[in-house]
Amino acid sequence: MKTLSHWIGGKPVEGTSGNFGPVYNPATGAQEKQVPFASVDEVDTAVATAKEAFRTWGTSSLAKRTAVLFKYRELVDAHREEIARLITAEHGKVHSDALGEVARGLEIVELACGISEKLKGELSTQVSTRVDVSSIRQSLGVVAGITPFNFPAMVPMWMFPIAIACGNTFVLKPSEKVPSAAFKLAELAAEAGLPDGVLNIVNGDKTAVDRILAHPDIAAVSFVGSTPIAKYIHTTGTANGKRVQALGGAKNHMLVLPDADLELAADSAINAAYGSAGERCMAISVVVAVGDTADPLIEKIKERAAALTIGPGDDPASEMGPLITKVHRDKVASYVTGAAAQGATVALDGTGFTVEGHEDGHWIGVSLLDNVTPEMDCYRDEIFGPVLSVVRVETYDEAIALMNNSPWGNGTAIFTRDGGAARRFQLEVEAGMVGVNVPIPVPVGYHSFGGWKDSLFGDHHIYGNDGVHFYTRGKVVTTRWPDPSDGGINLGFPSNS
Ligand code: NAD
């Protein structure tokens with residue numbers, strides 16, 4: 001069995017804590033690797049290394065930083081296939097989906113290549129006689145990222161390219177379930193010429209996370225993961241004086257109006273509910289069907305679901321892979337059985353599904369639950385699996401009230417041909433990312449990503465301009481090059497003239 005390492009100071013570093021976590025191949029159920037869990041001392045070593053590297057990286061020129069990022073962009077581009085294979089081997093998602101994740105991560109590296117434009121300051125001349133004022137943004141120092149299992153490459157790339165482009169140094173704690181893609185990203189950064197210690201990886205569990213949250217030399221923490229942990233990270237990190245952005249879980253609703261193109265709505269529901277086996281924070285997990293749309297839409301979803309190919313992610317024929325762990329598989333299945341017991345209609349039941357020859361894999365088929373109501377567990381909880389619930393309502397107003405009553409507000413979508421209804425929806429829905437006939441409205445790199453309510457704790461969305469603001473702090477400089485007449489005693493509050 002392969003033993004993985006941390007990445008500190010530009011090289012692999014063996015774990016010394018003696019604690020390891022298992023890394024499975026979800027398609028076979030076999031443990032193929034073990035990942036070291038960092039001790040407090042190991043986290044401290046990574047932070048000290050990052051702090052030392054900040055002394056030179058933090059004052060390095062924009063030209064030098066962007067030259068590294070341009071090289072990095074080329075290397076990640078050239079290694080897309082390899083990174084995607086690492087993702088599939090540990091996460092289980094199909095290769096094409098893993099390639100898509102790398103492509104969306106690369107968008108943020110591209111944004112970081114243009115950081116000089118984002119860090120341009122502002123200057124006002126002659127605000128008072130012979131006085132100029134400039135506003136600049138400066139890096140924070142050592143910043144940290146804590147990331148989830150479901151996007152092993154993309155979510156780290158939402159964070160560190162912008163952070164390091166802004167002049168910070170970075171300590172990443174990737175998900176212990178899928179550590180290899182992030183490690184590869186760090187190796188490529190070194191190959192691109194990123195100085196040692198600017199990007200470090202500590203693998204681990206709560207011990208490592210808690211040390212990051214308490215470490216006095218870490219200025220800011222970016223987190224992406226489930227809502228309870230996001231809340232914990234935000235509360236603890238801010239109590240320790242850190243800047244924190246903590247993105248949480250989701251329950252994304254897709255509203256289908258009676259005038260919608262139902263063929264498009266059915267395709268979109270399938271893609272957004274079952275893609276990546278539902279293990280996406282932007283997955284659609286609830287369809288809100290208005291008026292008489294539910295019956296024809298459910299028929300179309302069932303037809304399409306019957307044609308889906310579920311299998312190992314490295315098989316090019318597979319459209320959906322397994323779930324991350326056996327425990328998670330069983331939990332997802334329990335929501336389907338529980339929904340039936342609570343009165344939902346199980347229109348498709350994927351709980352008995354397996355793949356011949358891979359019976360120990362973490363398999364589940366797709367499930368479709370009809371007549372779901374807001375009191376049911378399958379509606380209230382984030383299932384994070386290929387389970388789509390359909391809630392039937394009579395009117396748009398009923399639909400928007402239901403959606404805005406949800407504690408989450410990550411992404412949402414409306415399917416309609418009515419521009420006025422779509423416009424009303426954009427303004428009225430309480431969610432951070434809205435799609436109009438687009439089921440997974442993940443913003444491009446130069447717009448920011450983030451939810452509302454329990455889907456994000458903190459003031460900043462991730463990447464885009466918000467990312468630059470999160471990883472920098474403002475400074476305003478007031479300058480006078482004096483004339484002999486500027487002297488004299490005046491104890492009054494300075495005013496401009
Ligand atoms: P998770 O919250 O279990 O883990 C996320 C990170 O937190 C991991 O690095 C993990 O090691 C660490 N962690 C876990 N338990 C901890 C604890 N008790 N104390 C300290 N650290 C802890 O999330 P996950 O299962 O890896 O990922 C799936 C979740 O992430 C889903 O809820 C999904 O919606 C969410 N997610 C959200 C977004 C978003 O942009 N809002 C994106 C991707 C995933």
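The values are calculated or read from the model by the stated rules, or taken from the named source; none is laboratory data. Since the structure is predicted, the reported quantities are computational estimates derived from the model, not experimental observations. Here Cβ is always computed from backbone atoms with ideal geometry, including for glycine, and neighbour counts include all displayed protein chains.
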Could you list all residues from segment 427-445 that are surrounded by fewer than 16 Cβ atoms within 10 Å (Cβ to Cβ) and not in a loop (DSSP other than H, G, I, E, B)? LEU427, GLU428, VAL436
Among (1) farther than 16 Å from PHE70 by Cβ; (2) out of contact with any Asp or Glu (no Cβ under 6 Å at 6 or more places or on another chain); (3) not in a helix (DSSP H, G or I) - the single one VAL178 does not satisfy: (2)
If only one of ALA246, ALA260, ALA277, ALA266 is touching a Lys or Arg at 6+ places or on another chain (Cβ under 9 Å) and in a strand (DSSP E or B), which one is it? ALA246
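Might you let me know whether segment 399-418 holds any residue that is touching a Gly at 6+ places or on another chain (Cβ under 8 Å), at pLDDT 95 or above, at positive phi and not in a loop (DSSP other than H, G, I, E, B)?
Looking through segment 399-418, none of the residues is touching a Gly at 6+ places or on another chain (Cβ under 8 Å), at pLDDT 95 or above, at positive phi and not in a loop (DSSP other than H, G, I, E, B).
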Out of ALA208, ALA189, report the one residue that is buried (at least 24 other Cβ atoms within 10 Å of the Cβ), part of a helix (DSSP H, G or I), within 12 Å of the ligand (Cβ to nearest atom) and in the same structural domain as GLY141 (by TED's automatic domain parsing). ALA208
Being more than 30 Å from HIS362 (Cβ to Cβ), assigned by TED's automatic domain parsing to the domain that holds GLY237 and more than 16 Å from the ligand (Cβ to nearest atom) narrows LEU99, LEU106, LEU86, LEU123 down to just LEU123
Restricting attention to segment 223-245, does a residue exist that is in the same structural domain as VAL109 (by TED's automatic domain parsing), within 10 Å of the ligand (Cβ to nearest atom) and aromatic (Phe, Trp, Tyr)? yes
Could you check how many residues of segment 224-245 are of a type outside the set (S, T, N, Q), touching a Ser or Thr at 6+ places or on another chain (Cβ under 8 Å) and either buried (at least 23 other Cβ atoms within 10 Å of the Cβ) or without any contact (Cβ under 8 Å) to a residue 40 or more places away in the chain (or both)? 2
Residue list for segment 289-307, restricted to those being out of contact with any Lys or Arg (no Cβ under 8 Å at 6 or more places or on another chain), among the aliphatic types (A, V, I, L, M) and surrounded by 15 or more Cβ atoms within 10 Å (Cβ to Cβ): VAL290, LEU297, ILE298, ILE301, ALA305
Considering each of THR412, THR479 in turn, give the residue that is within 14 Å of the ligand (Cβ to nearest atom) and over 23 Å from SER222 (Cβ atoms). THR412
